[in-house]
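What follows is a set of notes on a single structure, which appears directly below.
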Amino acid sequence: MEIKFSKQGAEEQNILIVPVFAKTDKLTGRLAELVDNGEFEANLGEICTDVSAGQKSVFVGLGEKGKLNPELAKTAGGKTWSGLGVIGDKSVGLVLDKNLRPNLALFLIEGLLLRNYVNLHYKTGEEAEKSQRKLLTSLNIIGGVDATFKKRLQEIIKIVDAVHYARNLVSAPSADLRPEDLANEAAKLSHTYNNITFEALTKKELQEQGLNLLLAVNRGSAYEPRLIILQINREKKEKPIVLIGKGITFDSGGYNIKPSDSFLEVMHTDMAGAATVLATIKALAELGSKKKVIAVIPATENLISGDAYKPADIIRSYSGKTVEIKNTDAEGRLILADALSYAIKNFEPSYVVDLATLTGACIIALGFRYAGLLGNDLELQKNIKSASVNSGEKIWALPLDDSFKDQMKSPIADLANLSSAGRFGGASTAAAFLAHFVGETPWAHLDIAGPAFQSKETEAWNPPTYATGFGVSLLVDLIQK
Ligand SMILES: [Zn+2]
C-alpha cells in the first residue's frame, strides 16, 4: 500500500472519498444538493457516489459527530470500500477536514484497508482480473496531517498486512495447508526476519517428549502433527510472552463426527487461532517490536481411520495428568492442554494468551461478533479488554471458577474432555479443562469460534468470504503497550 500526503489536490483525483458528518450545517456544492434532496443523510456507513466532471465522489456517512468512536469509524471505513468500485490505475484520494479528529480518521482508514482484501488464490479468468482491479494499492491523503499521524498510519498498514496474511492462511483448504505446511509458513517468517527463530517438533520428537494428547488427536490422520515454536527477540533476558494458537487444519470431529449441516464444510478454518498467532509475530517483526514473544502452535488434523482415537480412550498428557476421552470432537482442548503445559514448563512465560476456535457454545452465548474471554488473571483480562477497545475487536468475559473445573474431573481418570454437566456452559467448561494444565502462570483464553469466521453479522471491515483475521490487531496492541 502506497500512501501519499498533500495539503491540496482533491480535484485531481479520479476517485475522491469524502467523509461527512450527519446534520452538518456548512455543506456546499454537489454534497449540499444531495443532502437537500434527501439522497444522502450521512448516517453511519451510508455511501453515496456521484460522478461529475470526470471525478467520482464517494461520500461516506459518519453519523452524528458526538457519537463517532473508533469502532464506528472503522465500520464507516469498511463500508467505503464497496463504494470505490473498480479502481484499476485510477488515483484515489481521501479528504480529511478538521471536523474529523485525526485518531478517528486513522480508524476510518484502517477499516478501509482491512476491507480492501480479496482472496484470488483459487479464482481464474475474468472474474479474478476484475477482483484484482478492485484492490486499492495507493491512497492520497489530502489535508494537513502531522508526523504522529503519518507514523501511526505506517503501523496500521503493517498490521493490516498481517491480518490479510492470517486470512489467507485460514481460507486455505486443508489439502493445501496441512500441519507441515503450517510449519513451513512459520519457517518462512524466520527466513524473512532475522530476529525470528523457528523450530517444530516432529511426530517422533513429540513421542519422545510425551505430548500424547496432541498425538492422540493426530492418530486418525495420514499426516504428521507438529508443535510449531516461533520466537521473536529470543536473545532478550526477560521472561517471554507466550501466544498459543489452536492449529486443527481440518476438524471432522473424529468418531464423534460432525453432521454435514454443522459447519463441516468450513472446518479447514479450525486453525484460525494458529493463523492469528503467526500473523501477530509477523506484525511485531514488521513494527520492529523489542518484546520477547513465543508463538506455540499445536497442529494436526482430526480425522477418522482404523487407528483414530476413540471415546473411552484414556490418554496420559504431557503434564502427566490422565484424560478420559468422552468426545473426539472436543479435540481442541486436548492439543491446547499439551501446548500450554509444554510452553509453561519450558519457557516460563510472564503470561500466556491462547486463541482457539474452541466451542460452538461460545457462539451460542455471544454470537458471531464477540470472542469469549476467560482465564485466571484479572489484570491480564483488563489489559486484553482495553486492547480490544483500541482494535475494535469485541470480547466479552465469561465465568471460569472451581465449580467449572470440578465438572471436568473423570470418575476413572484425572480429567475428562467433556463436562459432567453436559453441554451447558460449554465455553466455560472447555476453558476450565485448560485451567487444569495452567497452574499459577497468568493466562487468558480467547474463544474465537464466532468472530474468526465470517457470518452475516460480520463487521463491515471483514470480507464476505471465510476468514476475518480476528485478534491480530488486539494482540499487537496488548503486547506493544
Ligand atoms: Zn472439534
Inside segment 413-439, the number of residues satisfying the requirement of being in a loop (DSSP other than H, G, I, E, B), in contact (Cβ under 8 Å) with a residue 24 or more places away in the chain and more than 17 Å from L334 (Cβ to Cβ) is 3
Which condition does I244 not pass, out of (1) away from the ligand (no atom under 16 Å from the Cβ); (2) not in a strand (DSSP E or B), if it passes all the others? (2)
Could you list, in sequence order, all residues of segment 360-388 that are surrounded by fewer than 19 Cβ atoms within 10 Å (Cβ to Cβ), touching a Lys or Arg at 6+ places or on another chain (Cβ under 6 Å) and at pLDDT 95 or above? none
Residue match in segment 265-276 (condition: closer than 23 Å to A308 by Cα, of a type in the set (D, E, K, R) and part of a strand (DSSP E or B)): no
Of these, R333, R316, which one is assigned by TED's automatic domain parsing to the domain that holds L278 and more than 16 Å from the ligand (Cβ to nearest atom)? R316
Is there a residue in segment 282-293 that is β-branched (V, I, T) and assigned to a strand (DSSP E or B)? yes
Qualifying position, being among the hydroxyl-bearing types (S, T, Y), outside the structural domain of L68 (by TED's automatic domain parsing) and surrounded by fewer than 23 Cβ atoms within 10 Å (Cβ to Cβ), among S391, S420, S428: S420
Selection over segment 282-313 where residues are basic (K, R) and within 16 Å of the ligand (Cβ to nearest atom) yields a count of 1
When residues of segment 45-68 are filtered for being crowded, with 19+ Cβ neighbours inside 10 Å and more than 12 Å from L31 (Cα to Cα), how many remain? 3
Within segment 195-211, residues closer than 20 Å to R333 by Cβ and either buried (at least 22 other Cβ atoms within 10 Å of the Cβ) or within 28 Å of the chain's Cα centre (by Cα) (or both) come out as L201, L206, L211
Odd one out for F250, checked against (1) over 22 Å from the mean Cα position of the chain (by Cα); (2) more than 25 Å from A432 (Cβ to Cβ); (3) within 12 Å of the ligand (Cβ to nearest atom): (1)
Does segment 430-442 contain at least one residue that is within 30 Å of T322 (Cβ to Cβ) and among the acidic types (D, E)? yes
Between a first residue in segment 176-193 that is surrounded by fewer than 18 Cβ atoms within 10 Å (Cβ to Cβ) and a second residue that is part of a helix (DSSP H, G or I), which pairs have beta carbons less than 6 Å apart while being 6 or more apart in sequence or on different chains? Y193/A285
For segment 61-92 the number of residues that are part of a strand (DSSP E or B) and within 20 Å of I3 (Cα to Cα) is 1
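The values are calculated or read from the model by the stated rules, or taken from the named source; none is laboratory data. Note that the structure is predicted; figures quoted are calculated from it, not measured. Glycine gets a Cβ as well: all are built from the backbone with ideal geometry, and neighbour counts include every protein chain shown.
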